[in-house]
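The values are calculated or read from the model by the stated rules, or taken from the named source; none is laboratory data. These figures come from a predicted structure and were not determined experimentally. Neighbour counts are summed over all protein chains in view; Cβ atoms, including those assigned to glycine, are modelled from backbone coordinates with ideal geometry. We work out accessible area using only protein heavy atoms, side chains counted, and drop any ligands, DNA or RNA first. Shrake-Rupley method; radii C 1.70, N 1.55, O 1.52, S 1.80 Å.
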Amino acid sequence: MIEIGAQVDLSHPAERVWRALTDRELLGRWFAEAEMVEGVPDRMLLHTAGLPGFEANVEVEVTERQEPDLLVLACDEAGRLSELTCTVTVTKQGCRLELREVSTHGAWSAEQHDPREQQLRQALTVRLPAILDWIAFQQVDLRRADGGMTAELPLIGVRARPGSSPRRRRTLVAVVAGAVLVAGTAAWVTLPPAAKPAAAPAPTATATASPTVTAGRTTVAPTATPSARPSRSTASATARPSRTPSATPSRTPASATPPPPPTPITARYETESDRLFGYTGEIVVANPGGAPVADWAVVVTLAEGTTVDDVDGANWRQDKRVITFTGAAVAAGGSQTISFDVRDSRPKAREPESCTISGQQCAGL
């Protein structure tokens with residue numbers, strides 16, 4: 001009797017873990033693609049051929065089921081029989097999942113045992129937690145105002161829902177109008193005061209002679225009469241502009257100084273875990289700048305004979321050995337983590353040959 005076992009502590013309820021164990025589509029995401037056997041409700045075919053430690057597809061049949069605590073499967077891999085027991089135990093943080101496979105007919109060779117067990121542990125500790133987190137996200141209440149749980153993502157923009165209250169729309173219009181009025185008042189208050197008009201020059205008095213008679217003789221006494229024309233000094237000051245301007249405008253305004261170039265987005269590669277015939281790589285995309293970066297792409301060139309098995313945290317496309325990762329905008333000062341599983345045709349896994357982001361080399365590789 002040969003045993004293969006692995007266990008993992010999960011921060012998720014037992015019901016969610018049970019769903020990941022029994023749902024055919026979810027099972028294909030974290031372990032192997034599953035196909036129902038027609039006419040037999042408790043029988044499935046797992047497409048494990050090609051996985052480390054597996055020589056062929058495995059046909060499984062449920063022999064015992066105690067939801068959500070116990071699931072026992074009878075397995076047949078090309079005539080080699082085994083029994084797989086899945087036990088879910090509730091803990092304070094969530095639950096503990098333990099998988100134990102015992103051969104009942106035939107045996108695994110030494111070349112199969114270790115890769116098979118490593119593959120099982122990799123699925124439990126890396127891919128299963130990611131799938132459980134994804135399920136939890138789908139169950140988050142993103143629209144509390146409407147009441148009830150929903151899996152819909154929030155929409156960008158504002159639009160009226162059918163049957164919405166006209167009073168609510170009028171209130172919204174009033175709030176917007178009030179905001180516009182306040183903004184206009186603030187702009188009026190901050191305007192500079194209008195320049196006062198210059199006063200016209202005052203007329204100057206000019207002495208004129210008027211005759212007066214004093215004791216039989218005529219004398220000329222000066223009298224002050226207003227003149228209709230301005231004085232020469234005043235006229236020249238107002239009629240001719242100054243030859244030398246009082247202020248010379250600066251040739252180079254302060255706003256013409258070019259802004260500093262944006263801080264480039266960076267990436268760091270690290271091999272999170274390795275195993276026989278594969279490894280898990282991790283890339284952390286960081287934005288040290290002061291504005292979000294939307295258009296970014298990480299380009300990874302794999303070693304010859306390696307392929308990507310699963311990706312978490314980004315969109316990806318593959319062109320032979322070149323993998324391109326893209327994703328949502330990275331916030332200012334934020335980061336985004338990409339995790340991907342790689343299968344290697346050689347027993348000793350090889351890291352990627354290169355990793356770049358926006359033409360710059362990734363750190364750590």
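Looking at (1) at pLDDT below 90; (2) open to solvent by less than 40 Å² (accessible area, probe 1.4 Å); (3) under 27 Å from Asp310 (Cα atoms), which is the only condition Ser103 fails?
Exception for Ser103: condition (3).
Among (1) open to solvent by less than 50 Å² (accessible area, probe 1.4 Å); (2) under 21 Å from Trp134 (Cα atoms); (3) aliphatic (A, V, I, L, M), where does Val90 come up short?
Checking Val90 against (1) open to solvent by less than 50 Å² (accessible area, probe 1.4 Å); (2) under 21 Å from Trp134 (Cα atoms); (3) aliphatic (A, V, I, L, M), the one that fails is (1).
Glu15: open to solvent by 50 Å² or more (accessible area, probe 1.4 Å), within 35 Å of the chain's Cα centre (by Cα) and at pLDDT 90 or above, yes or no?
Yes; evaluated as a whole, the condition is true for this residue.
Answer with yes or no whether Val293 is within 29 Å of Thr125 (Cβ to Cβ) and modelled with pLDDT of 90 or more.
no
Considering region 338-359 alone, what residues qualify as being open to solvent by less than 70 Å² (accessible area, probe 1.4 Å) and either of a type in the set (Lys, Arg) or touching a Gly at 6+ places or on another chain (Cβ under 9 Å) (or both)?
Hits for region 338-359 are Ile338, Ser339, Phe340, Asp341, Val342, Asp344, Ala349, Arg350, Pro352, Cys355.
Restrict the check to region 320-337 and report whether at least one residue is touching a helix residue (DSSP H, G or I) at 6+ places or on another chain (Cβ under 9 Å) and surrounded by 14 or more Cβ atoms within 10 Å (Cβ to Cβ).
No, there is no match, as no residue in region 320-337 is touching a helix residue (DSSP H, G or I) at 6+ places or on another chain (Cβ under 9 Å) and surrounded by 14 or more Cβ atoms within 10 Å (Cβ to Cβ).
Restricting the search to region 277-312, which residues are buried (at least 19 other Cβ atoms within 10 Å of the Cβ), of a type in the set (A, V, I, L, M, F, W, C) and under 26 Å from Gly50 (Cβ atoms)?
Of everything in region 277-312, those that are buried (at least 19 other Cβ atoms within 10 Å of the Cβ), of a type in the set (A, V, I, L, M, F, W, C) and under 26 Å from Gly50 (Cβ atoms) turn out to be Phe277, Ile283, Val300, Leu302.
Find the residue count for region 83-131, including only residues that are touching a residue at least 60 places away in the same chain (Cβ under 8 Å) and among the small types (Gly, Ala, Ser).
5
Does Val58 fit the bill of being over 16 Å from Glu117 (Cα atoms), open to solvent by less than 40 Å² (accessible area, probe 1.4 Å) and over 38 Å from the mean Cα position of the chain (by Cα)?
Considered against the rule, which asks whether it is over 16 Å from Glu117 (Cα atoms), open to solvent by less than 40 Å² (accessible area, probe 1.4 Å) and over 38 Å from the mean Cα position of the chain (by Cα), Val58 comes out as no.
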